[in-house]
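Single-structure report; data block below.
The values are calculated or read from the model by the stated rules, or taken from the named source; none is laboratory data. Computed from a prediction, not measured in an experiment: that's the story for all the values here. Don't worry about glycine lacking a Cβ; one is built from the backbone with ideal geometry, like all the others, and counts go over all protein chains shown.
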Amino acid sequence: MIRKIDELGRIVLPAEMRTKLHLEKEDAVNIDCVDDKIILSKAKATCVICHSSENELLSVDHELVCSECIQKIKSLW
């Protein structure tokens, strides 16, 4: 499948690819460059403090914070 880059540097991902990767509007995508290839993958949700995706994530003012970091913050008070 071939797509052209527009004047702002954007490429439209075909609906079939978005569906296959379970990508929805506003989802974050990782963009990596390996040799001469651009690799796109759905980004994992991670804690804004420790970047872990292992613990339960809670939304705090539209940011994700893991339960472990919340406990650390609580212990400071």
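Within the stretch 21-37, how many residues are surrounded by 10 or more Cβ atoms within 10 Å (Cβ to Cβ) and either among the basic types (Lys, Arg) or part of a loop (DSSP other than H, G, I, E, B) (or both)?
4
Looking for whichever is surrounded by 11 or more Cβ atoms within 10 Å (Cβ to Cβ) and either among the small types (Gly, Ala, Ser) or part of a loop (DSSP other than H, G, I, E, B) (or both) here; the options are LEU58, LEU8, LEU40, LEU13. Which one fits?
Within the list LEU58, LEU8, LEU40, LEU13, the selection yields LEU13.
For the stretch 61-77, which residues satisfy the criterion of being in a loop (DSSP other than H, G, I, E, B) and of a type in the set (D, E, K, R)?
ASP61
Determine if the stretch 57-77 includes at least one residue that is at pLDDT below 90, touching a helix residue (DSSP H, G or I) at 6+ places or on another chain (Cβ under 7 Å) and polar (S, T, N, Q).
No, the stretch 57-77 contains no residue that is at pLDDT below 90, touching a helix residue (DSSP H, G or I) at 6+ places or on another chain (Cβ under 7 Å) and polar (S, T, N, Q).
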